[in-house]
Amino acid sequence: MKPTNLFFLFIFTLCCFNVASAQYGGYNSYNNGYGGGYGRGGGMGMDRSMMAGPQSSPSKPKEIPAEETAAKIVEQMKPELKLDDLQAIAITNVLADSMKEQGVLLKNESSSQDQKVEQISALRESTNKKINAFLNPDQVEKYKDFMANYKGTQKTKSKKKKDSKEHKEEATEEKTIKAEE
């Protein structure tokens, strides 16, 4: 065999060995072969998070505290009603208490749906009375308008979500009809 052929055979063998050792962790790697180069850690394509077992993922979204939600509502309300700082604090506290109570009513499993609706509407009325006690007559009218608009914006947001779901369903129905033809 010629020396050049022998040289190329040696280079070819060396390259094959390097590929094999890189793939399986090498000869002297601390993982003792088989997957030392895969993933972020342990080998065989698994990373450490997979080896630790099932991880606890939160099943429901993080709840926003009632105080934070009430503060956001009052911040939107403040310029429209021209509330002073004392009124803003008092109304924030009333709204936060109302939201906490509403959460308790909704979580109450012993009440029927109709009872919950009645209880929440009674809570809403009492909350409005408490808020109106902090407002002057001009602000009371503005508050009624604000709440009507605020409820309207909440409903349009939920309608947009429903409309987008319906639009997706209609699109899939159209695709199935075209496929059948």
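Readers should treat all values here as calculations from the given coordinates under stated rules, not as data from a laboratory. Computed from a predicted structure; not experimentally measured. All Cβ positions, glycine included, derive from the backbone under ideal geometry; neighbour counts span all protein chains shown.
A simple spin-label model places pseudo-atoms 7 Å from Cα toward Cβ; at N108 and A71 they are separated by 2.9 nm.
Orientation-averaged projection of the range 62-134 equals 5.3 nm² [convex hull of Cα atoms, one quarter of hull surface area].
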